[in-house]
1. Mind checking which of 133, 108, 21 has the largest fluctuation in a GNM of the chain, springs on alpha carbons under 10 Å?
2. Mind jotting down the three principal axis lengths of segment 1-58 based on Cα atoms? Whole angstrom, largest first.
3. Taking the beta-carbon count within 10 Å as an exposure proxy, list 151, 1, 71 from fewest neighbours to most.
4. Treat the count of other C-beta atoms within 10 Å as a stand-in for reagent exposure and order 156, 148, 86, 113 from fewest to most.
5. Fewest first, what order do 165, 8, 123 take by the number of other Cβ atoms within 10 Å?
6. Return the calculated 222 nm mean residue ellipticity for the chain, to the nearest 500 deg cm²/dmol, obtained by summing -39500 (n - 2.57) across DSSP H runs with n ≥ 4 and dividing by the residue count.
7. How high is the FRET efficiency from residue 58 to residue 38, r the C-beta distance, R0 22 Å, rounded to 0.05?
8. Which FRET efficiency value, to the nearest 0.05, do you get for residue 10 and residue 80 by plugging their Cβ-Cβ distance into 1/(1 + (r/R0)^6) with R0 = 30 Å?
C-alpha cells in the first residue's frame, strides 16, 4: 500500500503546485484584461496581440486548473444519488467513472492534441492576424499538458477509490493546503 500512497501523494503534489501556478496565471490575466480595457476606453488604443494574449491566458488557466480542480473535487457533479451513498459506494462510482470515462477520454484528447501541437510547432504557427502573437503553438502545447495533468489526477482518484473499496482509505496529508488555492 505504501507504493500506492506514494503515487497518490506525488500526483496530488504536482497538481497542487500547478494549481498554485494557475492562480498566478489568473492574476496575470486580470492585469492584462484591466490594462486592455483602460487603454481601449481611456485612450482609444487597442492591440491585437493583447487581445489574443487574453484568450491565450484564459485557455492556459483553464487547462492548468483542470487537474487541480479534479483533485479538490471542484468539478460539477450532476448525480443526486452519489451524495446518498456510503463512502465505499462513492468509491465504486469514482473507480468505474475513472476507468470507463475519464482515462479513455483523456487518452483520446492526448492522442489528437499532441499531433495538433507538433504540427503547429513544425510549421511555426502564429497568429493569422496582423500584429497578433507570433507563437500560437505555445498555447497548443497546453492542451496535451493540461489533459496529462487531468489524466494523472484520474489515476490518483482511481487509486484513492481502490483503497477505499479494499478498506484502507487514503488519509490526505495535504487536505488543508489544497483548500487554500480555491
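1. 108
2. Result for segment 1-58: principal-axis Cα extents of 62, 15, 8 Å.
3. Least to most surrounded, the residues fall as 1, 151, 71.
4. 86, 148, 113, 156
5. The order, fewest Cβ neighbours first, is 123, 165, 8.
6. When only DSSP H runs of four or more count, the value is -25500 deg cm²/dmol.
7. Efficiency, rounded to the nearest 0.05: 0.75.
8. Plugging the Cβ-Cβ distance into 1/(1 + (r/R0)^6) gives 0.30.
Read-outs throughout are calculated quantities, based only on the coordinates presented, and are distinct from any laboratory measurement. Quick caveat, the model's predicted, so the values are computed rather than measured. Ideal geometry is used to build each Cβ from the backbone, glycine not excepted, and the neighbour counts take in all protein chains shown.
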